[in-house]
Amino acid sequence: MSSSLIESAAKVLRGGGLVAFPTETVYGLGADATNAAAVARIFAAKGRPSTNPLIVHVADPAIAKRYATVWPEAARTLADRFWPGPLTLVLPKSPTIVEGVTAGLGTVGLRVPDHPVALELLRAFDGPVAAPSANKSNRISPTTAQHVREELGEAVDMILDGGPCRVGIESTVLDLSGKGPVLLRPGGVSREQIEAIVGPIGVFEGAVRHDQAAVSPGQQITHYAPRTPAYRFDPGEREQVDEILRDRVAGALLMGRGDRPERRGTIIDMPADADGYARELYGALRELDGMNLSAIYVEMPPAGEVWRAVRDRVYRATVDLRPDRYA
Ligand code: TXA
Ligand code: MG
């Protein structure tokens, strides 16, 4: 990307404007994290409740340290190993980060994104950039610049186009502000990868259970859903769904066994590996969501640690085809 584009984007940020930029996970909607008015514009553009804190993006670990009041050994080793990369560390916050960013919490989520455009922007701006995913609140995160345009349009002052995102789902959020590390949101860095560095960690399970109440800010059980009614189902229910797809103008994300010519529905055959699935999930949901279908059916990916983040996102995007499953 040309340095003059980056420089104008940095200028927009300095002036309190909003810049959408690519990261390796999803596109972010950035503002100066030290400017309360700029941060307020993010919440307004997204229609995001002010109780949901934003992640602060910085160019390297040394800069991240400035915005936390403590930097435990776990933060040092994890940052060493995974930054730049899809891991957000939650730490006690320094006063420089305005309250609006962190929803009044005493902690801040920090990350160094692994994307050349994001890093160039952060270096040119030379300060912390608060950036949630660049979508309307409760909608699917954007993985291309075009998604951002469709989603936010005029509400954003500038969009930097860095092509499709490599990871495709949001960063892992790990809370390091308490006694031991706790995984708040599964994402691009797996639990196993983290545990290989810091040993066993706690896992906040609320995020994948829609039948439990929200526990505290930053841990809400949020739906990130298409507009079309979307249902998840287990592979064992495939025949039932095949039946539905034969008669209705519906869509489905299936895993394998794709070719069934008698179907009227639109089928997207999803990759059988978790990384590939993650990369394509949001784009596939968006594509089906734009087709005026009666419903979208998503086959649940397999259980197991490597699929944790993908399953979490499918849970958040859908409701159970059989609502009585947990009754
Ligand atoms: O991959 C990503 O993380 C993307 C890109 C743009 O970096 N950003 C992203 O931001 O997904 P957002 O706002 O859509 O999600 C931020 C998540 C939310 O679940 C939020 O509650 C949590 O991080 N979070 C942020 N700060 C927190 C804090 N201080 N304590 C607990 N959770 C926090
Ligand atoms: Mg988001």
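Only the coordinates and a few stated rules stand behind these numbers; no lab work does. Predicted model only: the values in this text are computed from it and were never measured. No Cβ is skipped: glycine too gets one built from the backbone with ideal geometry, and neighbour counts run over all protein chains shown.
Length gained on full extension, Arg264 to Ala40: 76.1 nm, using 0.36 nm per residue less the C-alpha separation.
Cα-based count: Lys pairs in the chain below 23 Å, eight or more positions apart or different chains?
5
Length gained on full extension, Met291 to Met158: 45.1 nm, using 0.36 nm per residue less the C-alpha separation.
Rounded to the nearest 20, the Cβ-based charge dipole of the chain about its Cα centre (Lys and Arg +1, Asp and Glu -1) stands at 640 debye. Let a ≥ b ≥ c be the square roots of the eigenvalues of the Cα gyration tensor of region 37-134; is it rounded (a/c under 1.5), or, if not, prolate (a/b larger than b/c) or oblate? Here region 37-134 falls in the oblate category. The residue list Val112, Pro235, Tyr315 was ranked by how far each Cα lies along the charge dipole of the chain toward its positive end, using unit charges on Cβ atoms, and Val112 comes out on top. Compared with the dominant principal axis of the Cα atoms in the chain, helix 73-82 is inclined by about 60°.
Using only the alpha carbon atoms of the chain, find the Kirkwood hydrodynamic radius as the inverse mean reciprocal pair distance, in angstroms to one decimal. Don't skip to the answer; put the middle values down first.
Working: mean 1/r = 0.0495 Å⁻¹.
That comes to 20.2 Å for the chain.
For the peptides 108-116, 157-165, the ranking by mean Cβ contacts within 10 Å, running from highest to lowest, is 108-116, 157-165. Sorting 59-67, 82-90, 134-142, 179-187 by average packing, meaning the other beta carbons within 10 Å per residue, from highest down gives 82-90, 134-142, 179-187, 59-67. For the chain, DSSP calls about 40 percent of its internal beta bridges antiparallel. Each part reduced to its alpha carbon centroid, region 288-327 and region 68-118 end up 30 Å apart. Here is how the number arises for the chain: DSSP H runs of 4 or more residues each give -39500 (n - 2.57), the sum is divided by the residue count, and the result at 222 nm is -9500 deg cm²/dmol.
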